[in-house]
Structure formats: structure tokens, C-alpha cells
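Everything on this sheet refers to the single structure shown next.
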Amino acid sequence: MGKLKITQIKSAIRRPADQKRTLIALGLKKLNKTREVEGSPAVLGMIRKVEHLLKVEKG
């Protein structure tokens, strides 16, 4: 699918532990931090799980 630019826009405070671990696995630990990731099926599944906390752009 190509590269995706993901930014954490909401806090992980008061979220289930699995969502917190998913954010860490995506490389996001703080608000407004951005990472560029490869759009593999595994990564797309992780993004979908926490999409309410992220802003996703095609990059």
C-alpha cells in the first residue's frame, strides 16, 4: 500500500492496556508525535484498532 504518516492526536490515558501496547508497537509514545510506517496488513490492523486516537495520512 505504500507509506503512511500517522500522528497521535489523543491521549492513551484511560484506554485499555491493549490499545496502549498497540500505540507503543506503532512507535507512538507522546501526543503529536508522527511516524512514517509501511502500509502492511499487520500495520493496517494495528492502525484500525486505535484509529480513534490517530490521524492517518498517505505519505
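Which aspartates and glutamates, if any, have their Cα less than 17 Å from the Cα of Lys33, not counting same-chain residues under 8 positions apart?
Lys33 reaches Glu51, Glu57.
Any idea which of Pro41, Leu31, Leu54 is furthest toward the positive side of the dipole for the chain, if Lys and Arg beta-carbons carry +1 and Asp and Glu beta-carbons -1?
Leu31
With volume of the Cα convex hull per residue in Å³ defined as stated, name the option among (1) 101; (2) 66; (3) 75 computed from the structure displayed.
This structure yields the entry labelled (2).
At 222 nm, what value in deg cm²/dmol follows for the chain if DSSP H runs of at least 4 each add -39500 (n - 2.57) and the sum is divided by all its residues, to the nearest 500?
For the chain, the value works out to -8500 deg cm²/dmol.
If I model a spin label at Val56 and Glu38 as a point 7 Å from the Cα along the Cα→Cβ vector, what separation in nanometres do I get?
So the two model labels end up 1.8 nm from each other.
Just so you know, all these numbers are worked out from the coordinates, no wet-lab data involved. Remember, predicted model here, so these are calculated numbers, not experimental data. All Cβ positions, even for glycine, are placed from backbone atoms using ideal geometry, and neighbour counts span all protein chains on display.
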